[in-house]
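K.L.:
Please read through the structure below; I'll follow up with questions.
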Amino acid sequence: MKNSNQPALSIRGAELSFGDKTLWRDLDLEVAPGELIAVIGSNGSGKSSLLKAILGQERLTRGQIKVAGHSVRRGSRDIGYIPQQRPAEGQVPIRGRELLKLGLEGHKFGLALPNHKNSQRIDEVLTRMGASDYQNQPISSLSGGQVQRLRVGQAVIGRPALLLADEPLTALDLNQQQVVCELIDQERRANQMAVLFVTHDVNPILDIVDRVLYLANGKFKIGSPDEVLRSEVLSELYGTQVDVLRNQGRIVVVGTQDHAHHPDEEWI
């Protein structure tokens, strides 16, 4: 049950280390119901690891995390999750409607009995996602944008207090990105659902993001996009000169370099 008087997510004094590598430490973050936080930073900075810690899949080195007032645990019904798309997932023999049904009943053991209330909820979410026309098609036959509509529906169908979205725009064209962003924004406003939105490119969500959590070199900054996405702030995080340029409403960072995936100029 949601309680608007308490944060959807509360992280206190959190640290996550693996051996001698610390991804981040002394992380304090409180996310209000309905708030959308963009989580950005270079590869290896701990963005996805943060989501795993919230999901109870990674144990913090120190500190605590609470979701809707409860300590984190695996399989929490307070959390909706959109995982990164993987090429293999399109081969899973499951239909769109069944995917949403898993979002409602996947936590239950044994054979689920027919449930009229759940069926109505699935119909409602399929309509909201604009996915009714292909609900009975195998997801292996759908486009990336269609699959992401269903993934958003699966994540929000249980009306969670918190939605974790891990790179939900990857491999989507600009139109599909806009659709997915609008769907997530509509759901969070309609249900006062907090959102942590992990992304390499903040530009598609600049109009809907409330705050940015930027992770780099074991450090972090939290604030509005205008407060965080500034040359002096990112230069301090990276320990080297970083220039933040704005062009026609978009933001580009010049000077960061992730040798695995990022060029010297990076749209964020």
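K.L.:
Being more than 24 Å from Leu174 (Cβ to Cβ) and among the charged types (D, E, K, R) is the filter here, so list the residues in the range 212-244 that pass it.
P.N.:
Those that are more than 24 Å from Leu174 (Cβ to Cβ) and among the charged types (D, E, K, R): Lys219, Lys221, Glu227, Arg230, Glu232, Glu236, Asp243.
K.L.:
Say we look at the range 83-97 and pick out the residues that are surrounded by fewer than 13 Cβ atoms within 10 Å (Cβ to Cβ) and part of a helix (DSSP H, G or I); which of these is modelled with the lowest pLDDT?
P.N.:
Top of the filtered list is Ala88.
K.L.:
To continue, here is another question. If you scan the range 55-85, which residues turn out to be within 28 Å of Gln177 (Cα to Cα) and β-branched (Val, Ile, Thr)?
P.N.:
Val67, Ile79, Ile82
K.L.:
Quick check: is even one residue across the range 172-188 on the phi > 0 side of the Ramachandran plot and surrounded by fewer than 18 Cβ atoms within 10 Å (Cβ to Cβ)?
P.N.:
First, pick out the residues of the range 172-188 that are on the phi > 0 side of the Ramachandran plot: none.
No; the residues of the range 172-188 include none that is on the phi > 0 side of the Ramachandran plot and surrounded by fewer than 18 Cβ atoms within 10 Å (Cβ to Cβ).
K.L.:
Pairs under 7 Å by beta carbon, first residue within 28 Å of Ala68 (Cβ to Cβ) in the range 80-109, partner modelled with pLDDT under 65 and not aromatic (Phe, Trp, Tyr), six or more apart or different chains?
P.N.:
Qualifying pairs under 7 Å: Glu105/Ala112.
K.L.:
So which residues in the range 141-168 are within 24 Å of Arg250 (Cβ to Cβ) and either surrounded by fewer than 22 Cβ atoms within 10 Å (Cβ to Cβ) or of a type in the set (Gly, Ala, Ser) (or both), if there are any at all?
P.N.:
Gly144, Gly145, Ala165, Asp166, Glu167
K.L.:
Further question on the same structure: Looking at the range 217-225, can you tell me whether even one residue there is without any contact (Cβ under 8 Å) to a residue 24 or more places away in the chain, part of a helix (DSSP H, G or I) and either surrounded by 14 or more Cβ atoms within 10 Å (Cβ to Cβ) or not polar (S, T, N, Q) (or both)?
P.N.:
Looking for residues that are without any contact (Cβ under 8 Å) to a residue 24 or more places away in the chain, part of a helix (DSSP H, G or I) and either surrounded by 14 or more Cβ atoms within 10 Å (Cβ to Cβ) or not polar (S, T, N, Q) (or both), one finds none in the range 217-225, hence no.
Residue by residue, here is whether (1) modelled with pLDDT of 95 or more; (2) at negative phi; (3) within 15 Å of the chain's Cα centre (by Cα) holds:
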residue	(1), (2), (3)
Ile37	yes, yes, yes
Gly46	no, no, yes
Leu51	yes, yes, yes
Leu60	yes, yes, no
Gln64	yes, yes, no
Arg73	no, yes, no
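K.L.:
Could you please tell me which pairs satisfy a Cβ distance under 9 Å, a separation of 6+ or placement on different chains, a first residue in the range 38-53 that is of a type in the set (Ser, Thr, Tyr), and a second residue that is assigned to a helix (DSSP H, G or I) and surrounded by fewer than 23 Cβ atoms within 10 Å (Cβ to Cβ)?
P.N.:
Ser42/Tyr238
K.L.:
Is it the case that the range 4-12 has a residue that's touching a strand residue (DSSP E or B) at 6+ places or on another chain (Cβ under 9 Å), modelled with pLDDT of 95 or more and loosely packed, with under 15 Cβ neighbours inside 10 Å?
P.N.:
There is at least one residue in the range 4-12 that is touching a strand residue (DSSP E or B) at 6+ places or on another chain (Cβ under 9 Å), modelled with pLDDT of 95 or more and loosely packed, with under 15 Cβ neighbours inside 10 Å.
The values are calculated or read from the model by the stated rules, or taken from the named source; none is laboratory data. Quantities reported herein were computed from a predicted structural model and do not represent experimental measurements. Note that each Cβ is placed from the backbone with ideal geometry, even for glycine, and that neighbours are counted across all protein chains shown.
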